[in-house]
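The values are calculated or read from the model by the stated rules, or taken from the named source; none is laboratory data. Note that the structure is a prediction, hence the values are computed from the model and not measured. Cβ coordinates were reconstructed from backbone atoms using ideal geometry, including for glycine residues, and neighbour counts include every protein chain displayed. SASA here: full protein model, heavy atoms, side chains in, ligands and nucleic acids out. Shrake-Rupley method; radii C 1.70, N 1.55, O 1.52, S 1.80 Å.
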Amino acid sequence: GLHIYIGIKGITSRELLDRCYEKGVIFTPGDIFSIDDIGKYTLRLGLSRLSIKEIEGGIKIIGQQLRS
């Protein structure tokens, strides 16, 4: 697949995006694709134009920001 949906807890995807953006990582907040509040706690990663190294680095940054 070209995209992966991920559910998160404890922070909205928009808050997480703000944190990740500062570190050079972006993704699409899930609320764009949702008609209810559950989309606030999901995100969509687009992977089609990235190298494996970029994907791994981005996921590490997302994880670090979720833990902080």
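For this structure, a couple of remarks:
- Restricting attention to segment 27-68 and to residues that are β-branched (V, I, T) and in contact with a helix residue (DSSP H, G or I) (Cβ under 7 Å, 6 or more places away or on another chain), the residue that is nearest to L2 (Cα to Cα) turns out to be T42.
- Qualifying residue in segment 7-20 (condition: without any contact (Cβ under 8 Å) to a residue 12 or more places away in the chain, acidic (D, E) and assigned to a helix (DSSP H, G or I)): yes
- Taken over segment 23-38, the criterion of being under 12 Å from the mean Cα position of the chain (by Cα) and more than 15 Å from Q65 (Cβ to Cβ) is satisfied by T28, G30, D31.
Residue by residue, here is whether (1) surrounded by 16 or more Cβ atoms within 10 Å (Cβ to Cβ); (2) over 13 Å from the mean Cα position of the chain (by Cα); (3) at pLDDT 95 or above holds:
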{"site": "G10", "(1), (2), (3)": "no, yes, no"}
{"site": "Y21", "(1), (2), (3)": "no, no, yes"}
{"site": "L43", "(1), (2), (3)": "yes, no, yes"}
{"site": "K60", "(1), (2), (3)": "no, no, yes"}
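- Residue in segment 23-35 that is least open to solvent (accessible area, probe 1.4 Å), counting only those that are without any contact (Cβ under 8 Å) to a residue 24 or more places away in the chain and among the aliphatic types (A, V, I, L, M): I32
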